[in-house]
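See below for the structure under consideration.
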Amino acid sequence: MLDAAYWTTRLAERARQARVPGAILGIWAGGQEILAASGVLNRTTLVRVSTDSLFQVGSITKLWTATMIMQLIDEGLLSLDTTVAEALPGVRLGAADVGGQVTVAHLLSHTSGIDGDIFTDTGRGDDCVERYVGLLAEARSAFPPGQAYSYCNSGWVVLGRIIEVLDGRSWDESLRERLCGPLMLTRAVTLPEEAILHRAAVGHWAGGARVEIWGLPRSVGPAGLITAAAHDLLTFVRFHLDGGLGPDGKRLLGEASVTAMQQPRAVIPDFSAPGSAIGLGWRLSRWAGRTIVGHDGDTVGQSSYLRVDPQAQVAACLLTNSAQSMSLYRTVFTEVFDALAGVSMPADPQPAAERAAGLDLGGHAGRYERTSRRYDVSVRGGRLYLRVTVTGELARLAAPAPQELILHPADVSGVNFVCRSYDHEPWAPVSFGQLPDGTPYLFAGGRVTPRVG
């Protein structure tokens, strides 16, 4: 199965079925790298995808930022218990200023509680991360630090700013000096003017239309700005599989830090993936009793996926130029890990076979809101409906029309549901719960969204 031609054929077939314009599959198994390419980089120009093409990897960037933070810890310049107030004197997190309570560990594990999807564009200058962090004095908090898990992009920009202060240079420069250079990466960049020197993918919306915006603002770079080729991403993964050693055998990260990054720090309350947890950057999943680590990334019309089986020493990445590629990811990674690691991906969540009687659907009705997202939940004709509206700076980037989805019960609990926008996409989990202070919340896309009315 370590045959590039075989995986190229499989990728092309699956990408057509999933309606994904272009994709690259990268595999590391048995000490070999396999690369497969399919489709076009841009549906307007019809330039073909090559195995060395660059795609935006989005939030997979967080693994690189986490690695640099752990390098600083190895160097004795920081600790997991260092607070934001200690690392960045004068920076305020929210009106109540929780900077004295939020630690590096909270930021790495998405448990800070601060509003996470803030995409303020503070310009293209080298001071953009500093300026972004300065605006977090206005950020809201959904819960006190450490009380829950909620995916938090803004926290990773704070981590990027800590790197800048301790290194005395921009986050982009630290990335080049600490990782890209020592790992001998030539196709991992952060800025569009760097990407266009290569064959670079352009994003597409679910219907296939090309996006009109290149990508995310530079200000959120530490959370999701890397554009890379599959080989470079797999080289980064191999550095972790090799216990922190670079390709020349030089130690770039302590073995204890590599291990710590893959240890569970907080439970991810996703009923569709029992056993899921967050480490220090890595997301941990349980596949047939085995721990799989990885991360996903979404930008403007591009989606990327990374999964690693440390036990089998198998890794796979899928880079796509489509906002709707989850079905492709599930199909291809199921085949890859079944064939090369002997482990099966858990099944998709599904609507319950029979509708449970007597569920208190009305108890979930109301408005749930955080920065960039508003959810309106209502009951009509015995069904629960979810209206999703993108707001704020994210609306400027994505500009989707509000969506109304049916929430189908996933079980008899009355709190777990599934929904989807398109019949060819997998079902997505949505659940309801209460924070420790009693505030009702909706959990979707890895985020806690409190009810506000």
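Over 5 Å intervals from 0, what percent of Cα-Cα pairs in segment 291-343 sits in each interval?
Going from the shortest bin to the longest, the percentages are 5, 21, 31, 22, 13, 7, 2.
V189: net charge of surrounding residues, Cβ under 10 Å, Lys/Arg +1, Asp/Glu -1, itself excluded?
Details: positive: R176, R187; negative: D172, E193, E194, D232.
Taking every other residue near V189 into account, the sum is -2.
In whole Hz, what ³J(HN,Hα) sequence does segment 65-73 give by Karplus (6.51, -1.76, 1.60; θ = phi - 60°), x for Gly and Pro?
With the stated coefficients, segment 65-73 comes to 5, 4, 4, 5, 4, 5, 4, 5, 5 Hz.
Based solely on C-alpha atoms, express the radius of gyration and the Dmax of segment 1-144 in angstrom.
That works out to 21.1, 57 Å for Rg and Dmax.
From the backbone phi of segment 109-122, what are the Karplus-calculated ³J(HN,Hα) couplings (6.51 cos²θ - 1.76 cosθ + 1.60, θ = phi - 60°) in whole Hz, Gly and Pro given as x?
10, 6, 10, 6, x, 6, 4, x, 9, 9, 10, 5, 8, 9
What list of ³J(HN,Hα) values in whole Hz, one per residue of segment 16-25 in order, does the Karplus curve 6.51 cos²θ - 1.76 cosθ + 1.60 (θ = phi - 60°) give from phi, with Gly and Pro shown as x?
Per-residue couplings from phi come out as 4, 4, 8, 6, 9, x, x, 7, 10, 10 Hz.
Between the alpha-carbon centers of segment 251-295 and segment 130-185, tell me the distance in whole angstrom.
First find each Cα centre; the distance between them is then 20 Å.
I'd like the projected area of segment 251-328, averaged over all directions, using the convex hull of its alpha carbons. Report it in nm² with one decimal.
Values: hull surface 25.9 nm².
With every direction weighted equally, the projected area is 6.5 nm².
Compute from the Cα atoms of segment 359-453 the Rg and the Dmax, the latter being the longest Cα-Cα distance, and quote both in angstrom.
Calculated on Cα positions, Rg and Dmax stand at 13.1, 39 Å.
Tell me, how many Å apart are the Cα centres for segment 354-401 and for segment 76-102?
Answer, in whole Å: 34.
Rounded to a whole number of µm²/s, how large is the Stokes-Einstein D of segment 114-198 at 20 °C and 1.002 mPa s, given Rh as the Kirkwood radius over C-alpha pairs? Each step should come with its number before you reach the end.
Numbers: Rh = 14.6 Å.
In µm²/s, the coefficient rounds to 147.
How large is the direction-averaged shadow of the alpha-carbon convex hull of segment 74-229, in nm²?
10.4 nm²
Looking at the square roots a ≥ b ≥ c of the eigenvalues of the Cα gyration tensor of segment 217-301, which shape do they give, rounded for a/c under 1.5, prolate if a/b is larger than b/c, or oblate?
Working: a/c = 1.86, a/b = 1.13, b/c = 1.64.
Note, shape of segment 217-301 comes out oblate.
Taking every pair of Cα atoms in the chain, average 1/r, invert it to obtain the Kirkwood radius, and report Rg/Rh to two decimals. Walk me through the intermediate numbers first.
Working: Rg = 21.0 Å, Rh = 22.3 Å.
Here the Rg-to-Rh quotient is 0.94.
Compute from the Cα atoms of segment 166-278 the Rg and the Dmax, the latter being the longest Cα-Cα distance, and quote both in angstrom.
17.0, 46
Kindly provide log₁₀ I(q)/I(0) values, in the same order as q = 0.17, 0.20, 0.25 Å⁻¹, from the Debye equation applied to equal alpha-carbon scatterers of segment 84-141.
-0.54, -0.75, -1.11
With a cut-off of at most 13 other beta carbons within 10 Å, and DSSP calling the residue loop, which GluC sites (Glu not before Pro) in segment 337-393 qualify? Please list them.
Details: sites: E354, E369, E393; in loops: E354.
Qualifying residues, ordered by number: E354.
Which value, in Å to one decimal place, does the Kirkwood hydrodynamic radius take for segment 303-437 when every pair of different Cα atoms is included? Could you put the intermediate results ahead of the total?
Working: mean 1/r = 0.0576 Å⁻¹.
One over the average 1/r among Cα pairs gives 17.4 Å for segment 303-437.
Using modelled backbone amide H atoms (1.01 Å from N, in-plane), which distant-in-sequence or interchain residues come within less than 5 Å of L407's amide H?
Sorted by chain and number, the residues that satisfy this are L384, Y385, L386.
Rule-based calculations on the coordinates, nothing more; no lab input. Model, not experiment: these values are computed from the prediction. Cβ: placed from backbone, ideal geometry, glycine included. Neighbour counts: every protein chain shown.
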